[in-house]
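Asks: Quick one: this structure, given as structure tokens, is what I'll be asking you about.
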Amino acid sequence: MRLLFLWVAVASLWAQDPAPDAARFEVASIKPAAIGDRTGNFPSPGTLRIGNLTLRQMITQSSRVQSYQVVGGPAWIDTDRFNIDAKASFPAKMDQMMKMLGPLLEERFQLKVHRETRDVPGFALVVAKGGPKMAASDQPGVGSWRERRNEITSFSLDMKMLAYILAGSLGSPVADATGLTGTYKFTLEYDADFGRADAASGATASDPSGLSSIFEALQMQLGLKLDKQPTPVEVILVDRAEKPTMN
């Protein structure tokens, strides 16, 4: 989730212009990541540096999907980590380079995928009994938040964006069904591991660490609730992937 937040934060700094037709990186180097390498995307106009990411993580970023939407593939796409240094022939913006990353993965990893829609276990984010417990944001705009281990701090989030963040934390789709249209500030504290492990059951009990599951924390701290529901989601199925020749 932190990786996804980093991408969203950086993308917001640059306008999202479409890449020129058939735009590709001029040069690109792919190497195995070493222990201690920084994790994430470190872009500047025309240059993309990816650090310590798995192929599945790179697919999710280039396709703008959550990890649960990338299905299949050999086991190593979740374990082997890579660094990529790629340079465009023009000062490409973040959105453009994400589009260019897809063809690079296809070329270097021999990646073949297809898409289909599947019903998967998911949740609807609704207002709990007693109503919301969040304060209205006093900051302009939408999408300002900070994420740490076991904590989400919102400075200015609407419910659609909160649902998106929760989907990443749970590894399951979350749809906003609150009916709330404002932006809010709040701090949500929960046990991230306990919340993800219990996503399938929707449990609300506290775990032995003393921190609440995300289900209980949402109700107690924000006045919101996650209701289980099957959700149609477009998934990307990995048909083929080969380890790249290092260069």
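The values are calculated or read from the model by the stated rules, or taken from the named source; none is laboratory data. The structure presented is a predicted model; accordingly, all values stated were derived computationally and were not measured. Neighbour counts are summed over all protein chains in view; Cβ atoms, including those assigned to glycine, are modelled from backbone coordinates with ideal geometry.
Asks: Filter segment 113-155 down to the residues that are among the aromatic types (Phe, Trp, Tyr) and within 17 Å of the chain's Cα centre (by Cα), then identify the one that is farthest from Tyr190 (Cα to Cα).
Replies: Only one residue fits best here, namely Phe123.
Asks: Hey, can you tell me all the residues within segment 68-80 that are surrounded by fewer than 18 Cβ atoms within 10 Å (Cβ to Cβ) and out of contact with any Leu (no Cβ under 6 Å at 6 or more places or on another chain)?
Replies: Pro74, Ala75, Trp76, Asp78, Thr79, Asp80 - these are the residues of segment 68-80 that are surrounded by fewer than 18 Cβ atoms within 10 Å (Cβ to Cβ) and out of contact with any Leu (no Cβ under 6 Å at 6 or more places or on another chain).
Asks: Have a look at Arg118, Arg56, Arg24, Arg38 and point out the one that is over 30 Å from Thr178 (Cα atoms) and out of contact with any helix residue (DSSP H, G or I) (no Cβ under 7 Å at 6 or more places or on another chain).
Replies: Arg38 is the lone residue from the list that is over 30 Å from Thr178 (Cα atoms) and out of contact with any helix residue (DSSP H, G or I) (no Cβ under 7 Å at 6 or more places or on another chain).
Asks: Another question about this same structure. Could you look through segment 36-78, keep only residues that are of a type in the set (Val, Ile, Thr) and in a helix (DSSP H, G or I), and pick out the one that is nearest to Thr231 (Cα to Cα)?
Replies: Taking the candidates together, the pick is Thr60.
Asks: Please identify the pairs in which a residue from segment 103-120 that is over 13 Å from Tyr68 (Cα atoms) has its Cβ atom under 7 Å from the Cβ atom of a residue that is among the hydroxyl-bearing types (Ser, Thr, Tyr) and surrounded by 15 or more Cβ atoms within 10 Å (Cβ to Cβ), counting only partners at least 6 apart or on another chain.
Replies: Leu105/Ser62
Asks: With Asp158, Asp193, Asp198 as the choices, which residue is at pLDDT 90 or above and not assigned by TED's automatic domain parsing to the domain that holds Phe82?
Replies: Asp158
Asks: Now for a separate question. Kindly provide the set of residues from segment 105-123 that are of a type in the set (A, V, I, L, M) and modelled with pLDDT of 95 or more, ordered by number.
Replies: Within segment 105-123, Leu105, Leu111, Val113 qualify.
Asks: Applying the selection to segment 18-31, what residues are modelled with pLDDT of 90 or more, part of a loop (DSSP other than H, G, I, E, B) and exposed (fewer than 14 other Cβ atoms within 10 Å of the Cβ)?
Replies: Start the filter on segment 18-31 by keeping residues that are modelled with pLDDT of 90 or more, which leaves 25-31.
Among the residues that remain, those that are also part of a loop (DSSP other than H, G, I, E, B) are: 25-26.
Listed by number, the list holds a single entry, Glu26.
Asks: Do we have Ala34 as crowded, with 19+ Cβ neighbours inside 10 Å and more than 18 Å from the chain's Cα centre (by Cα) here?
Replies: no
Asks: With the structure loaded, tell me whether Thr178 is surrounded by 19 or more Cβ atoms within 10 Å (Cβ to Cβ), under 28 Å from Thr117 (Cα atoms) and more than 16 Å from the chain's Cα centre (by Cα) or whether it fails that test.
Replies: Answer is yes for this residue.
Asks: Considering only residues of segment 129-153 that are assigned to a loop (DSSP other than H, G, I, E, B) and basic (Lys, Arg), which is surrounded by the most Cβ atoms within 10 Å (Cβ to Cβ)? Can you show your working first?
Replies: Filtering segment 129-153 down to residues assigned to a loop (DSSP other than H, G, I, E, B) leaves 129-134, 137-143, 149-150.
The next check asks that each one be basic (Lys, Arg); those that pass are 129, 133, 149.
Values: Lys129: 7, Lys133: 16, Arg149: 8.
In this case the residue turns out to be Lys133.
Asks: Against the definition (among the hydrophobic types (A, V, I, L, M, F, W, C), closer than 30 Å to Gly72 by Cα and assigned by TED's automatic domain parsing to the domain that holds Gln221), how does Ala128 come out, yes or no? Don't jump to the end; show me each part of the working.
Replies: Values: among the hydrophobic types (A, V, I, L, M, F, W, C): yes; closer than 30 Å to Gly72 by Cα: no; assigned by TED's automatic domain parsing to the domain that holds Gln221: yes.
Here the answer is no, as Ala128 does not meet what is asked.
Asks: Can you tell me which residue is farthest from Ser62 (Cα to Cα) among those in segment 101-128 that are part of a strand (DSSP E or B) and among the aliphatic types (A, V, I, L, M)?
Replies: Val127
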